[in-house]
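A quick write-up on the structure given underneath.
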Amino acid sequence: MQFDQNLASVHAYLCADGYVIRNPETQKHKYYYIGLRNTNEILLKDFQNKFAKAFGLMPIITNDGRCKIQNKNIFFQLTKDFSYYSDEWAIPQLSLNDLKCWLRSYFDCDGWVTVQKAKSRVIGLESINKNGLEQIKNSLLKFGIKASDVKKRKNKNIWYISICGKDDLIKFKENIGFLHPRKNNKLLEAVNSYQTYEWVIPDKKEDFIEFINKKGRKRLDTNQVRFFSILEDNLIKLKNELNKYGIISKISSPLKNGYGRIYYCLTFNQKELEKLRR
């Protein structure tokens, strides 16, 4: 088969939640079914549309959560070089753009996202097809996405991989993503749940004064205004903005708190604040 983005997606759907079947040889009645089982209507319609673009025929969507078609010629096209059984499927040789479509459709069906803020954010995928998961793991690396080693569930003939860590979740979102709306929303929630420590220094004077009042800590015994951050670059940007108003400030050498964590401090005299009110 000559793969494009539509056929790559159809192939992945069939490997994940689909079937490509025919009647037993001993049975007189002949049938050749291709279909996708899924409870999500958006995925069923996506499969329907991409199948129609790939083969020129429109499968039907039934009330029992299937999108299916019966066609002998397409059956033999699909099965000439590939199997769609759960423990036998394999990823075809695809271009990077087509591979993105394959991975997204497969994750749309069999992947999941869990979010426990400040604790755990994971994209997971499991299958009885260990070799298939190894292929997926290696395919993700082509987009800079690192997945865990393929591991076996205890007391089950099921294998799984997971994607975690802010950078890899963001890369998955930008390069693969989900069409499935609930999974897409969960992924956005996971990415957005990471706390950012990078400061955005306002350009407008009124906003900058508000930023100073909010972030600064006044020390009365030394008449100093102090700013603390675990990122030295935050204080460098702040110092540069203060320089625009003629405010002289100083960034101290790295400090360490009681837990051994490194942080930085910027200070200036409270009298310098008068320069912001001119």
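With respect to the conditions (1) assigned to a strand (DSSP E or B); (2) within 38 Å of the chain's Cα centre (by Cα), T196 falls short on a single one, namely (1).
Output the residues belonging to segment 54-74 that are in a helix (DSSP H, G or I) and surrounded by 15 or more Cβ atoms within 10 Å (Cβ to Cβ). It would help to see each step written out before you state the result.
Restricting attention to segment 54-74, the residues satisfying the condition of being in a helix (DSSP H, G or I) are 54-55, 72-74.
Of everything in segment 54-74, those that are in a helix (DSSP H, G or I) and surrounded by 15 or more Cβ atoms within 10 Å (Cβ to Cβ) turn out to be A54, F55, I74.
Against the condition within 21 Å of P181 (Cα to Cα) and assigned to a loop (DSSP other than H, G, I, E, B), how does T39 come out, does it pass? Yes; evaluated as a whole, the condition is true for this residue.
If you go through segment 131-144 one residue at a time, do you hit one that is among the β-branched types (V, I, T), modelled with pLDDT of 95 or more and not in a helix (DSSP H, G or I)? Talk me through it step by step, then tell me what you get.
Filtering segment 131-144 down to residues among the β-branched types (V, I, T) leaves 136.
Pick out the ones that are also modelled with pLDDT of 95 or more and you get 136.
Subset that is not in a helix (DSSP H, G or I): none.
Scanning segment 131-144, I find no residue that is among the β-branched types (V, I, T), modelled with pLDDT of 95 or more and not in a helix (DSSP H, G or I), so the answer is no.
When you scan segment 242-249, do you find a residue that is touching a Pro at 6+ places or on another chain (Cβ under 7 Å), more than 26 Å from L140 (Cβ to Cβ), in a helix (DSSP H, G or I) and of a type in the set (A, V, I, L, M, F, W, C), even just one? Within segment 242-249, none of the residues are touching a Pro at 6+ places or on another chain (Cβ under 7 Å), more than 26 Å from L140 (Cβ to Cβ), in a helix (DSSP H, G or I) and of a type in the set (A, V, I, L, M, F, W, C).
If the condition is being more than 15 Å from K146 (Cα to Cα) and either without any contact (Cβ under 8 Å) to a residue 40 or more places away in the chain or assigned to a helix (DSSP H, G or I) (or both), then segment 164-183 contributes P181, R182, K183. Of T26, T39, all but one fail to be more than 20 Å from C109 (Cβ to Cβ), surrounded by fewer than 17 Cβ atoms within 10 Å (Cβ to Cβ) and not hydrophobic (A, V, I, L, M, F, W, C); the exception is T26.
The values are calculated or read from the model by the stated rules, or taken from the named source; none is laboratory data. Keep in mind that what you see is a predicted model, and the values were worked out from it rather than measured. Cβ: placed from backbone, ideal geometry, glycine included. Neighbour counts: every protein chain shown.
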